[in-house]
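Please read the structure below before turning to the comments.
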Amino acid sequence: MKRFYTVLLSASLIFFALAPLGISADYNFKKMTPEIDQALKNRQARYSQLQDLKQEGLLGENNKGYVTDLKSNAAASSLAGAENQDRRIVYEALAEQNGLGRTGLLEVQKAFAEVQHEKSAAGDMIQDPSGNWIKK
Amino acid sequence: MGTGTAIFVAATAFTGCTVKAVGDPNRPITINANVVVDIRGLKQAATNIEDMVAQGAVK
């Protein structure tokens, strides 16, 4: 147990020393698998349509890094399902390839949710951390 | 402690899990594994990926 705390303390000291220098961990895809590549291409292919449905208020960015069908529209629901499936591939690959584990996956999803919210256009529906849907 | 350090500490999450393995019923083994996740690094990765998706979007 003493050894565990020594390692944890050492890791913390390294982080504290690097923090003022603006250095952060570099997370990325260590290996671009065909599955990840296809998921990214799928997302690029549906990007414009996704933005249109978000502007129409049919889809919103939830607080877990995925899109939600807000008005039970069949076309929007279908697109959301496909988009979320590809996002999950990306999130799981990022967590797995960077050794973040299952709990790390939740942090990955949270980070993507924050970025999706920041990138959302004015008028898009976004879900805040407490679960409320608001118009940006 | 500088402002940068304070922000870094706030932006760093400690996540963990517990794995319980039972070999000898009288001597259960508990292993604690902790993973340090740098939220700022994750947000940067997310931003890079989302930028790539948007820039490569089919018009």
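Summary table
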{"quantity": "Residue match in the stretch A:65-73 (condition: in a loop (DSSP other than H, G, I, E, B), crowded, with 22+ Cβ neighbours inside 10 Å, within 10 Å of chain B (Cβ to nearest Cβ) and not polar (S, T, N, Q))", "calculated": "yes"}
{"quantity": "Residues (in a helix (DSSP H, G or I) and either surrounded by 20 or more Cβ atoms within 10 Å (Cβ to Cβ) or among the charged types (D, E, K, R) (or both)) located in the stretch A:23-38", "calculated": "A:E35, A:D37"}
{"quantity": "Count of the stretch A:86-117 residues which are over 14 Å from B:A45 (Cβ atoms) and more than 12 Å from the chain's Cα centre (by Cα)", "calculated": "3"}
{"quantity": "Long-range neighbours under 6 Å by Cβ, at least six apart or interchain, first residue charged (D, E, K, R) within the stretch A:30-42, second surrounded by 12 or more Cβ atoms within 10 Å (Cβ to Cβ)", "calculated": "A:K30/A:Q97; A:E35/A:I89"}
{"quantity": "Verdict on A:G81 being out of contact with any Phe, Trp or Tyr (no Cβ under 8 Å at 6 or more places or on another chain), more than 9 Å from chain B (Cβ to nearest Cβ) and either closer than 14 Å to A:R46 by Cβ or buried (at least 21 other Cβ atoms within 10 Å of the Cβ) (or both)", "calculated": "yes"}
{"quantity": "Close pairs (9 angstrom Cβ cut-off, 6 or more residues apart or separate chains): assigned to a loop (DSSP other than H, G, I, E, B) in the stretch A:125-136, among the β-branched types (V, I, T) anywhere", "calculated": "A:D128/A:I134; A:K136/A:I126"}
{"quantity": "Selection status of A:K41, in a helix (DSSP H, G or I), at the interface with chain B (Cβ under 10 Å from one of its Cβ atoms) and surrounded by fewer than 18 Cβ atoms within 10 Å (Cβ to Cβ)", "calculated": "yes"}
{"quantity": "Which listed residue is modelled with pLDDT of 95 or more and within 11 Å of chain B (Cβ to nearest Cβ), from A:Q109, A:Q127", "calculated": "A:Q109"}
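The values are calculated or read from the model by the stated rules, or taken from the named source; none is laboratory data. As the structure is a computational prediction, the values presented were derived from the model and not from experiment. Glycine also receives a Cβ, built like all others from the backbone with ideal geometry; neighbour counts cover every protein chain displayed.
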